[in-house]
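Student: Below is the structure I would like to discuss, written out as structure tokens.
Read-outs throughout are calculated quantities, based only on the coordinates presented, and are distinct from any laboratory measurement. Source: prediction; values computed, not measured. Every residue, glycine among them, receives a Cβ derived from its backbone with ideal geometry; neighbour counts consider all protein chains shown.
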Amino acid sequence: MQIEITGLTVRYDSVTALSDISYQINKGDFVGITGPNGGGKTSFLRALLGLKKTERGTIRFYRDGQQVPDLNVGYLPQKSVIDPRFPITVAEVIESGFLGKYGDVVPKKCRGERIKEVLARVGLSELSDRTIGKLSGGQMQRALLGRALVALPEVLVLDEPSSYVDQSFEERMHEMLRDENKRGTTILYVSHQTEILNRMAGRMVHIDRVLQELR
């Protein structure tokens, strides 16, 4: 698996969010992404995910040396777009991670057990039937992390995943991410907490309109 970014430029009306970024991400990388607010970190992730139109440049994906149209990606956005009034339970939020193109990575007959496994990993087993309107911000963040993990992604994209969660779960989440990375999952982790990224990430970049490799 590989992501090859060449000359990426993203604009919002007259404002350039990202300018001429080139970077390569390989299978098993753990890339920590830092930078100031408004510097383009989220725009970078959204461009990779195909959620933001690019002005110029190319983003190519490869699997086993062959170019492919996309990869199996799990995404935890910085801010939830799920309406808390929507009548959906924690288990159903996690199950929705199977709705994408790569949902069949986990056979249908195995999905119930996979959901239970993920519920336990994110500490929500006892809240599986609770509707999202009754969750705290931290519990909702954990449910969304479960959704990102459930379909065994090749790439896990995390935008400020520590938002809303308490310190005890943050430490548990970081251990979980280390385990995922050891299994070969590629991780892109945006955070303003540079000390955490320095401990966890094998590669580090700083994005402020342009991309600077730190290591």
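Student: What is the antiparallel percent of DSSP beta bridges lying wholly in the chain, to the nearest 5?
Tutor: 55 percent
Student: On a 31 Å Cα-Cα criterion, which of the cross-link pairs Lys53/Lys108; Lys27/Lys53; Lys41/Lys109; Lys27/Lys52 come out too long?
Tutor: As for pairs spanning more than 31 Å Cα to Cα, those are Lys53/Lys108; Lys41/Lys109.
Student: Given only helices, namely DSSP H runs of n ≥ 4 each adding -39500 (n - 2.57), what is the per-residue ellipticity at 222 nm of the chain, to the nearest 500 deg cm²/dmol?
Tutor: -8500 deg cm²/dmol
Student: Can I ask one more? Provide the FRET efficiency to the nearest 0.05 for the His174-Arg130 pair, computing r from the beta carbons and using R0 = 22 Å.
Tutor: According to the calculation, E is roughly 0.30.
Student: Something else: How do 88-99, 11-22 rank on mean C-beta neighbours within 10 Å, highest first? If you can, show how the numbers build up before the last one.
Tutor: Numbers: 88-99: 20.1, 11-22: 14.4.
Highest-to-lowest ranking by the protection proxy: 88-99, 11-22.
Student: So what's the net charge close to Asn37: Lys and Arg +1, Asp and Glu -1, counting the other residues with Cβ under 11 Å from its Cβ?
Tutor: -1
Student: A further question on this structure: Compute the angle between helix 111-121 and the longest alpha-carbon principal axis of the chain, please, reported from 0 to 90 degrees and rounded to the nearest 10.
Tutor: Approximately 80 degrees, to the nearest 10.
Student: Hey, rough spin-label estimate for Ala120 and Lys182, points 7 angstrom out along Cα→Cβ, what's it come to in nanometres?
Tutor: Taking the simple label geometry, Ala120 and Lys182 are separated by 1.7 nm.
Student: Compare the Cα positions of Pro36, Tyr75, Leu49 along the charge dipole of segment 23-76 (+1 at Cβ of Lys, Arg; -1 at Cβ of Asp, Glu; about the Cα centre) and return the one farthest towards the positive end.
Tutor: Checking the options against the dipole of segment 23-76, the answer is Pro36.
Student: What distance in nm separates the two pseudo spin-label positions at Gln24 and Gln167, each 7 Å out from Cα along the beta-carbon direction?
Tutor: Roughly 4.2 nm, to one decimal.
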